[in-house]
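Right, one structure below, let's go through it.
The values are calculated or read from the model by the stated rules, or taken from the named source; none is laboratory data. Quick caveat, the model's predicted, so the values are computed rather than measured. Neighbour counts run over all protein chains shown; Cβ positions are idealised from the backbone, glycine included. Ligands, DNA and RNA are excluded from the accessible area calculation, which covers all protein heavy atoms including side chains. Shrake-Rupley method; radii C 1.70, N 1.55, O 1.52, S 1.80 Å.
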Amino acid sequence: MGSDSAQKAASAGADRPPSILNLWISTYRNCPKLYIPGTHLNLAYILASTAILLLSRQLSDWIFINLFQWPATAKMTMESAACAVSGLQAALFVPSLGACLLTTKPSYRPSGKMTDSQPWWQDAAKALIHFCTGYMLYDSIMLCVDTWDAATGRPNLSSADLMFIGHHFATTFYMTTALLQGAGHQSAMILMFLGEMTSPLMNAHAVLKFAVKIHPDSTLVYNALVYSEYIFAVVYLPLRAVGGPLAAAHLTYDLLLTKEGRQNCSVLITLLWMPMCWGVLFGSIPWIEESWEMLQDGLTLKYGPDYDYGDEYIHHHTDL
């Protein structure tokens, strides 16, 4: 009897969501429903996520200018404020995404159906995917706002900016089509998880490499940059050079080369996913090479106080 009670209690506990997912589940269930016609995509949750991130960016701008006393018109300030929002949202998002992947039922499978999992898991996964879609929309909007040229009346987007917007569109297409067909969402989630896992470190490094320019006499900022650069390289290199390709190879096999994968997910949609999945990995090769160089340099800075970012980043700290 005691053994049966313990097993029932353990089973009941396994059917409850991890506490880290409760906020996502609650907000998704209580958010007003504004579905895109013919779909189960809740536009209200996506737009609410975008609005929260836009407000966070405004707060970040204010903090850097008024509390940190960074120059209001400097490109370094604008980019650092943006990186702070990106890094913080990833620090909140990634652990929840990891908890979701670890608790999927019956187990992680890229081609798994949404309905195979518990109702609470489905709501948590949908909330995370909707939030990530909202982030992609937020970041695309801010790229246009930050590069807006009043003289021409349009954003002055660089090739790198266009590449980021293209990446955001591809990511949104991947996630939303997975939700629409009710399967394949786990393949999107594992790619999101591995891609965003290094975001807090990457964005912290991005802020610190400008902070050392703004505060060239600060030993604390300099030392923080030294260690953040090395730690970022240590984490990024294996995740992108090994973890990403392994996950992509596994999901490619499961989606295209297994009978269940082809039954659960449209082969046409999967074929559209493949260039997006592998394209991001091949596109990260320059950053993989750079992280390898950082690793070889040890605690010798690549982006030190004297690094030249170009004329648009020139800043004289005496202007503070």
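Considering only residues that are surrounded by 15 or more Cβ atoms within 10 Å (Cβ to Cβ) and assigned to a helix (DSSP H, G or I), which ones fall in segment 259-271?
Gly261, Arg262, Asn264, Ile269, Thr270
In this structure, is His205 in contact (Cβ under 8 Å) with a residue 12 or more places away in the chain, in a helix (DSSP H, G or I) and surrounded by 21 or more Cβ atoms within 10 Å (Cβ to Cβ)?
Values: in contact (Cβ under 8 Å) with a residue 12 or more places away in the chain: yes; in a helix (DSSP H, G or I): yes; surrounded by 21 or more Cβ atoms within 10 Å (Cβ to Cβ): yes.
The answer is yes for His205.
Considering only residues that are touching a residue at least 40 places away in the same chain (Cβ under 8 Å) and either in a helix (DSSP H, G or I) or polar (S, T, N, Q) (or both), which ones fall in segment 56-76?
Arg57, Gln69, Lys75, Met76
Does segment 186-200 hold any residues that are assigned to a helix (DSSP H, G or I) and under 19 Å from Trp278 (Cβ atoms), and which are they?
So in segment 186-200, the residues assigned to a helix (DSSP H, G or I) come out as 186-196, 199-200.
Listed by number, the residues that qualify are Gln186, Ser187, Ala188, Met189, Ile190, Leu191, Met192, Phe193, Leu194, Gly195, Glu196.
Can you tell me which residues in segment 107-119 are part of a helix (DSSP H, G or I) and surrounded by 19 or more Cβ atoms within 10 Å (Cβ to Cβ)? Quick ask: steps written out before the conclusion?
First, the residues of segment 107-119 that are part of a helix (DSSP H, G or I): 114-116, 119.
Across segment 107-119, the qualifying residue is only Met114.
I'd like the full set of residues that are within 17 Å of Met136 (Cβ to Cβ) and of a type in the set (S, T, N, Q), limited to segment 40-77.
Listed by number, the residues that qualify are Asn42, Ser49, Thr50, Ser56.
What are the residues in segment 127-173 that are of a type in the set (Ser, Thr, Tyr) and under 20 Å from Gln89 (Cα atoms), if any? Walk me through it before giving the result.
First, the residues of segment 127-173 that are of a type in the set (Ser, Thr, Tyr): 133, 135, 138, 140, 147, 152, 158-159, 171-172.
Listed by number, the residues that qualify are Thr133, Tyr135, Tyr138, Ser140, Thr171, Thr172.
When the residues of segment 35-50 are narrowed to those that are without any contact (Cβ under 8 Å) to a residue 60 or more places away in the chain and of a type outside the set (Phe, Trp, Tyr), which ends up most open to solvent (accessible area, probe 1.4 Å)? Step through it out loud before you land on a result.
If we filter segment 35-50 for residues that are without any contact (Cβ under 8 Å) to a residue 60 or more places away in the chain, which is where we start, we get 35-38, 43-44.
From the residues that got through so far, the ones that are of a type outside the set (Phe, Trp, Tyr) too are 36-38, 43-44.
Working: Ile36: 61, Pro37: 119, Gly38: 90, Leu43: 61, Ala44: 22 Å².
Once the filter is applied, the top-ranked residue is Pro37.
Tyr227: in a helix (DSSP H, G or I) and under 20 Å from Asp306 (Cβ atoms), yes or no?
On the way: in a helix (DSSP H, G or I): yes; under 20 Å from Asp306 (Cβ atoms): yes.
Answer is yes for this residue.
For segment 77-106, give me each residue that is among the hydroxyl-bearing types (Ser, Thr, Tyr) and either open to solvent by 20 Å² or more (accessible area, probe 1.4 Å) or without any contact (Cβ under 8 Å) to a residue 12 or more places away in the chain (or both). Step through it out loud before you land on a result.
Start the filter on segment 77-106 by keeping residues that are among the hydroxyl-bearing types (Ser, Thr, Tyr), which leaves 77, 80, 86, 96, 103-104.
Selection gives Thr103 alone.
Tell me which of these Pro32 doesn't satisfy, since it passes every other one: (1) open to solvent by 80 Å² or more (accessible area, probe 1.4 Å); (2) assigned to a helix (DSSP H, G or I).
(2)
Only one of these is at pLDDT 90 or above and of a type in the set (A, V, I, L, M): Ala124, Ala160, Ala150. Name it. Before the answer, list the steps.
On the way: Ala160 fails: at pLDDT 90 or above; Ala150 fails: at pLDDT 90 or above.
After ruling out the rest, the residue left standing is Ala124.
Have a look at Leu220, Leu194 and point out the one that is buried (at least 18 other Cβ atoms within 10 Å of the Cβ) and out of contact with any Cys (no Cβ under 7 Å at 6 or more places or on another chain). Steps first, please.
Details: Leu220 fails: buried (at least 18 other Cβ atoms within 10 Å of the Cβ).
Result: Leu194 is the single residue among Leu220, Leu194 that is buried (at least 18 other Cβ atoms within 10 Å of the Cβ) and out of contact with any Cys (no Cβ under 7 Å at 6 or more places or on another chain).
Please go through segment 131-172 and give me each residue that is open to solvent by 60 Å² or more (accessible area, probe 1.4 Å) and either assigned to a helix (DSSP H, G or I) or touching a residue at least 60 places away in the same chain (Cβ under 8 Å) (or both), ordered by number. Spell out the reasoning first.
Here is the first cut: in segment 131-172, the ones open to solvent by 60 Å² or more (accessible area, probe 1.4 Å) are 137, 141, 145, 148, 150-152, 154, 156, 159, 162-164, 167, 169.
The answer is Leu137, Ile141, Val145, Ser159, Leu162, Met163, Phe164, His167, Phe169.
Considering each residue of segment 291-309, count those that are open to solvent by less than 90 Å² (accessible area, probe 1.4 Å), of a type in the set (D, E, K, R) and outside any helix (DSSP H, G or I), and give that number.
Total satisfying the criteria: 1.
Does Pro18 fit the bill of being open to solvent by 30 Å² or more (accessible area, probe 1.4 Å), touching a helix residue (DSSP H, G or I) at 6+ places or on another chain (Cβ under 9 Å) and modelled with pLDDT under 95? If you could, list the steps in order and put the result at the bottom.
On the way: open to solvent by 30 Å² or more (accessible area, probe 1.4 Å): yes; touching a helix residue (DSSP H, G or I) at 6+ places or on another chain (Cβ under 9 Å): yes; modelled with pLDDT under 95: no.
When the stated conditions are applied, Pro18 does not pass them.
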